[in-house]
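Peer 1: Take a look at the following structure, please.
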Amino acid sequence: RTLYKFPALRLPFLFAFLDRFTVGFLVAGFPVYAAVRFGFTPSRIGLHFAAFMLTMGILCYPTTRLSRFFSLRQLILGGSLVYSMLFAAVGFIGEGFLLVWMILMGAASAVMFIPTLQLAARAVPDFARATAMGGLNSAGALGFLLGPIVSGVLIATLKRELGTVA
């Protein structure tokens, strides 16, 4: 009902879903990709995930400062554009630059994460804020649930179609 009553929540809900979907997709698919393509060990895969996640976490606060210079929609859309281009190009990045690439993805993720929270909080009056935040987290959780499922199905399908590539 809150989403219907406050249509301005649609954009932050959509971006929360898509952001977490791609992270879930990456969490499930990247270890397979990195192990097959580059022969990464589990610890090296973890290092790449840490570069992505820690960068995102560390840059959350500075991102709040950016909202003084850019609108929340500009930050969300700009961050999403950069993040999606970086995400789509992961398969074309060489082993030597991949760690830097994960850091760049973490930075772009931070640029859209905090403004999404702020946009959702501002889209509703005070009495509906907790419900809006719960809905935003639910949309993100649904994305994080579906991302690995889609990744797994895609990996299984491509493995049948293309075979294992070393």
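Peer 1: Give the ranking of Y83, Y33, Y4, Y61 by solvent-accessible surface, highest area first, calculated with a 1.4 Å probe.
Peer 2: Reading off the accessible areas and sorting them downward yields Y4, Y61, Y33, Y83.
Peer 1: If you don't mind, another one. Can you tell me the dipole magnitude for the chain around its Cα centre, using point charges on the Cβ only (Lys, Arg +1; Asp, Glu -1), in Debye to the nearest 20?
Peer 2: Here the size comes out at about 400 debye.
Peer 1: For the stretch 29-144, evaluate the Debye formula with one uniform point scatterer on each Cα (no solvent term) and list log10 I(q)/I(0) at q = 0.11, 0.16, 0.21 Å⁻¹, rounded to two decimals.
Peer 2: Each listed q corresponds, in turn, to -0.43, -0.82, -1.16.
Peer 1: I've got another one for you. With every protein chain in place, what's the accessible area of I103 (1.4 Å probe, Å², nearest 10)?
Peer 2: Result for I103: roughly 70 Å² accessible.
Peer 1: Can you pull the Rg over Rh of the stretch 1-92, Cα-only, Kirkwood?
Peer 2: My calculation of the ratio gives 1.05.
Peer 1: Report the relative contact order of the stretch 21-166, percent, no decimals, based on alpha-carbon pairs under 8 angstrom and at least 6 residues apart. Walk me through the numbers on the way to the answer.
Peer 2: Working: 134 pairs, mean separation 63.8, N = 146.
Across the stretch 21-166, relative contact order equals 44 percent.
Peer 1: I would also like to ask the following. Of all the accessible heavy-atom surface of the stretch 33-105, with the other protein chains kept in place and a 1.4 Å probe, what percent is carbon and sulfur? Don't skip to the answer; put the middle values down first.
Peer 2: Numbers: 3090 of 4170 Å².
C and S fraction of accessible area: 74 percent.
Peer 1: Based on the Cα atoms of the stretch 61-114, what semi-axes does the equivalent ellipsoid have, where each is the square root of 5 times one gyration tensor eigenvalue, given in whole Å with the largest first?
Peer 2: They are 24, 11, 6 Å, listed from largest to smallest.
Peer 1: Picking from F40, F13, F30, which is most flexible by a Gaussian network model of the chain using Cα springs under 10 Å?
Peer 2: F40
Peer 1: Please identify the DSSP H helices in the chain that span no less than 24 Å along the helix axis (Cα) and have a mean Kyte-Doolittle hydropathy of 1.6 or more.
Peer 2: 98-122
Peer 1: Please go through the stretch 1-80 and write out the trypsin sites (Lys or Arg not before Pro) that DSSP classes as loop and that have at most 15 other C-beta atoms within 10 Å.
Peer 2: On the way: sites: R1, K5, R10, R20, R37, R44, R65, R68, R73; in loops: R1, R68.
Within the stretch 1-80, the qualifying trypsin sites (Lys or Arg not before Pro) (loop, at most 15 other Cβ atoms within 10 Å) are R1, R68.
Peer 1: With every protein chain present, what is the per residue accessible area of the stretch 42-109 (1.4 Å probe, Å²)?
Peer 2: Using a 1.4 Å probe on heavy atoms only, each residue of the stretch 42-109 averages 55 Å².
Peer 1: Compute the separation of the alpha-carbon centres of the stretch 1-39 and the stretch 89-166 and state it in Å as a whole number.
Peer 2: 3
Peer 1: Another question, then. I want the local charge near L14. Using Cβ-Cβ distances under 14 Å, sum +1 for each Lys or Arg and -1 for each Asp or Glu among the other residues. Kindly include the intermediate steps, with their values, before the conclusion.
Peer 2: Values: positive: R10, R20, R73; negative: D19.
Counting the neighbours of L14, the net charge comes to +2.
Peer 1: To the nearest 0.05, how large is the calculated FRET efficiency for A35 and Y4 if R₀ is 30 Å and r is the Cβ-Cβ distance? Intermediate results must be reported in sequence, preceding the final value.
Peer 2: Working: r = 45 Å, r/R0 = 1.48.
Calculated transfer efficiency: 0.10.
Peer 1: In deg cm²/dmol and to the nearest 500, what is the mean residue ellipticity at 222 nm of the chain if only DSSP H runs of at least 4 residues count, each as -39500 (n - 2.57), divided by the residue total? Working shown, then result.
Peer 2: Details: 7 runs with 133 residues, N = 166.
Per the formula, -27500 deg cm²/dmol.
The values are calculated or read from the model by the stated rules, or taken from the named source; none is laboratory data. Please read these numbers as outputs of a predicted model, since none were measured by experiment. Reconstructed Cβ throughout: ideal geometry from the backbone, glycine too, with neighbour counts over all protein chains shown. Surface areas here come from the heavy atoms of the whole protein model, side chains and all, with no ligands, DNA or RNA. Shrake-Rupley method; radii C 1.70, N 1.55, O 1.52, S 1.80 Å.
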